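The values are calculated or read from the model by the stated rules, or taken from the named source; none is laboratory data. All figures in this text were calculated on a predicted structure; none of them were measured in a lab. Note that we place each Cβ from the backbone using ideal geometry, even for glycine, and neighbour counts take in every protein chain shown. Ligands, DNA and RNA are stripped out before the accessible areas are found, and what is left, the full protein with its side chains, is counted by its heavy atoms. Shrake-Rupley method; radii C 1.70, N 1.55, O 1.52, S 1.80 Å.
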Number of protein chains: 2
Amino acid sequence: MRMAILELLRASADHYLSGEEIALKLNVSRTAVWKHIKELKNQGYEIESLPRNGYKLLGSPDRLLPELVCRGLDNKVIGCQMEHFDDIGSTNAEAKVFARQGAADGTVIVSESQNTGRGRLDRSFFCPQGGIWFSVILRPDFLPQEAPKCTLMAAVAVTEAMRDFGLDAGIKWPNDILYQGKKLTGILTEMSAEIDRINYVIIGIGINAVIAPESFPEDIKDKAGSMSMFLGKFDRISFFRAVLQHLETLYISVKKQGFGSVLKSWRDLSVTLGQDVKVIGINETFTGRAVDIAEDGGLMVDTGRETCKVYAGDVSIRTK
Amino acid sequence: MRMAILELLRASADHYLSGEEIALKLNVSRTAVWKHIKELKNQGYEIESLPRNGYKLLGSPDRLLPELVCRGLDNKVIGCQMEHFDDIGSTNAEAKVFARQGAADGTVIVSESQNTGRGRLDRSFFCPQGGIWFSVILRPDFLPQEAPKCTLMAAVAVTEAMRDFGLDAGIKWPNDILYQGKKLTGILTEMSAEIDRINYVIIGIGINAVIAPESFPEDIKDKAGSMSMFLGKFDRISFFRAVLQHLETLYISVKKQGFGSVLKSWRDLSVTLGQDVKVIGINETFTGRAVDIAEDGGLMVDTGRETCKVYAGDVSIRTK
């Protein structure tokens, strides 16, 4: 009902719509209309009420509400189920709960902020309001060995969306998205699997969308950046929608034809390939040139003596 | 205290031990001793009480109680934490709960019976009393891609223990243990992982130990067997201890040197290699000869035209 009232207000655009008209059209009492309008205002919708004229929608909240994100989104999988939170420990943790309860392929959990957001290797991740913090639950039928490539897929989707918005970002292996050396996005992929079957994959994506540079904690200030630092203010909701669109296209392609086109796009968007890199692995540290990404998602590093495939650890690009 | 009383009873062997002696030695009241003895009897310990002489231990319960299984077990990892249940939904499900709560590497969850036990591909698994139904939580530091080989490791451990007990069983790829064509064991490995790090691996192992052949459900009667069908009655507790010992040896070796020795043992114990097999995969069915197991755990099948690596699905051995 609330959504129906919202649609009527949207449709009437600049005209005022009286409570009586709404009540008649939707076959509810005027009191009910009044209550729903109040609820919409609580959610952040700006609705003007004039005693004689009725109601007019002036603005929507800057919140990643499913009803706003999904307007005009034609996805068949990604985001068709979406749960929104104002604040949450971590969307990945919440997504696991949903996944265990049987949430559908493509379910999205999104929050305005996270208080225990974390990145790879248990590093904490700064997740204030203005960012886009979400997790996607996937239930693909490929083998668990393929799952790490979901991270590459997510990185490609977000980078493509950034480029749509005029930000010429690139991907640092495996899952950082950078612009002018600043990290704009972190991705943390987790999975639950049996030996030859994935139960679910959860891709956690944190995007520093509209965040003032001065609000970053001291220890990450040099390395972290936000989209708004470079783009100025932009529509976070439209951008999130674009990310979900790109993710849908890639995921459908992966399901049909495997990761070939994801790897191709990843290579095109990479800032790591062709660079001299330092690899800090679990047991060893070495340097070499990043030459390619392998079919299984590993980064191929030519040390001069041999070509190593790197799956884990940190890879930093060496400045000359 | 209960365990201390049990130890005293064991130490006194054929002699009666008076409540007063026990109370003195352990510095507790005679009433406390009496209560603990009563509790031990409830657990299935056979303890004779003679009014003038005191207590004598006649027998231990045929239950996989940690205090019984761990007697004489010198493991440093596997089974050092052990939780015992009389009946449970599934030990894998319970192990996940423990793992999420931070259970240590090597923690074992064991149950006398399972009411929702399941095998690969969600197939249900018959898990009555007399079997050995357990799950091991591992927290290895190898990459998630290696995890499927934990299944091979478990199959080797159980088969080696069976051979110790005089049963010349073999492994059918990837995780069935057979003797005279009857399936004695099922293994279901699950994991929770990030892209380059395992959170935990859970190896669920179900062994048809002491189960009367006539108690198997009609639909699996032809294919399933139990150890007791071939060995007669044997000590389930000692056998479980042997499995945990072999698992410890293999796991320590894997942690130090990788899966090389597991694969070598697997090859030696395999009933699949060298056989003509039918592979029923997700999307295709084909036949060929199983020629080897690859370093990554895949079964290599020579179809005559090419050698395929099989990771998933069912592989049946073709009788000539």
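B:Ala212 fulfils the conditions (1) at pLDDT below 90; (2) within 14 Å of another protein chain (Cβ to nearest Cβ) except for a single criterion, (2).
For the range A:225-235, the set of residues classified as of a type in the set (Phe, Trp, Tyr) and outside any loop (DSSP other than H, G, I, E, B) consists of A:Phe230 only. When the range A:103-123 is limited to residues that are at pLDDT below 95 and farther than 20 Å from A:Val210 by Cα, the one that is farthest from the other protein chains (Cβ to nearest Cβ) turns out to be A:Arg123. Filtering the range B:128-146 to residues that are in a loop (DSSP other than H, G, I, E, B) and either open to solvent by less than 10 Å² (accessible area, probe 1.4 Å) or at pLDDT 95 or above (or both) leaves B:Gly131, B:Arg139, B:Pro140. For the range B:171-199, residues that are among the polar types (S, T, N, Q), within 11 Å of another protein chain (Cβ to nearest Cβ) and either assigned to a helix (DSSP H, G or I) or in contact with an Asp or Glu (Cβ under 8 Å, 6 or more places away or on another chain) (or both) total 3. Checked against (1) in contact with a strand residue (DSSP E or B) (Cβ under 7 Å, 6 or more places away or on another chain); (2) among the polar types (S, T, N, Q); (3) not assigned by TED's automatic domain parsing to the domain that holds B:Ile198, B:Thr91 meets all criteria but (3). Within the option set A:Asp168, A:Asp222, being under 27 Å from A:Arg318 (Cβ atoms), modelled with pLDDT of 95 or more and assigned to a loop (DSSP other than H, G, I, E, B) holds for one residue only, A:Asp168. Annotation: of all residues in the range A:147-161 being in contact with a Gly (Cβ under 8 Å, 6 or more places away or on another chain) and open to solvent by 10 Å² or more (accessible area, probe 1.4 Å), the one that is nearest to A:Ser90 (Cα to Cα) is A:Pro148.
Could you say whether any residue in the range B:213-222 is touching a helix residue (DSSP H, G or I) at 6+ places or on another chain (Cβ under 6 Å) and open to solvent by less than 20 Å² (accessible area, probe 1.4 Å)? I'd like the intermediate steps shown before the answer.
Residues of the range B:213-222 touching a helix residue (DSSP H, G or I) at 6+ places or on another chain (Cβ under 6 Å): B:213.
Narrowing further to those that are open to solvent by less than 20 Å² (accessible area, probe 1.4 Å): none.
Among the residues of the range B:213-222, not one is touching a helix residue (DSSP H, G or I) at 6+ places or on another chain (Cβ under 6 Å) and open to solvent by less than 20 Å² (accessible area, probe 1.4 Å), which makes the answer no.
Among the residues making up the range A:213-231, none is without any contact (Cβ under 8 Å) to a residue 60 or more places away in the chain and among the polar types (S, T, N, Q). Among residues of the range A:286-309 being over 17 Å from A:Asn175 (Cα atoms) and part of a loop (DSSP other than H, G, I, E, B), the one that is most open to solvent (accessible area, probe 1.4 Å) is A:Arg305.
Please verify whether A:Pro128 is of a type outside the set (A, V, I, L, M, F, W, C) and within 14 Å of chain B (Cβ to nearest Cβ), treating the condition exactly as stated. When the stated conditions are applied, A:Pro128 does not pass them. For the range A:78-95, residues that are within 26 Å of A:Thr249 (Cβ to Cβ) and among the charged types (D, E, K, R) total 2. Find all pairs meeting these conditions: Cβ atoms under 7 angstrom apart; at least six residues apart or on different chains; first residue within the range A:258-285 and open to solvent by 20 Å² or more (accessible area, probe 1.4 Å); second residue charged (D, E, K, R) and assigned to a helix (DSSP H, G or I). These pairs meet every condition: A:Leu273/A:Arg267.
The residues of the range A:57-100 that are in a strand (DSSP E or B) and open to solvent by 60 Å² or more (accessible area, probe 1.4 Å), listed by number, are A:Leu58, A:Glu83, A:Asp86, A:Asp87.
Output yes when any residue across the range B:165-176 is farther than 23 Å from A:Ala193 by Cα and surrounded by 20 or more Cβ atoms within 10 Å (Cβ to Cβ), and no when none is. Yes, the range B:165-176 contains at least one residue that is farther than 23 Å from A:Ala193 by Cα and surrounded by 20 or more Cβ atoms within 10 Å (Cβ to Cβ).
Would it be correct to say that A:Gly206 is under 28 Å from A:Gly274 (Cβ atoms), away from chain B (no Cβ under 14 Å) and either open to solvent by less than 10 Å² (accessible area, probe 1.4 Å) or modelled with pLDDT under 95 (or both)? Yes, satisfied.
Among the residues of the range B:252-268, not a single one is part of a loop (DSSP other than H, G, I, E, B), more than 17 Å from the chain's Cα centre (by Cα) and basic (Lys, Arg). Inside the range A:310-319, residues that are within 11 Å of chain B (Cβ to nearest Cβ) and not in a strand (DSSP E or B) make up a count of 3. Scanning the range A:267-278 for residues that are closer than 19 Å to A:Thr151 by Cα and not polar (S, T, N, Q) yields A:Arg267, A:Asp268, A:Leu269, A:Val271, A:Leu273.
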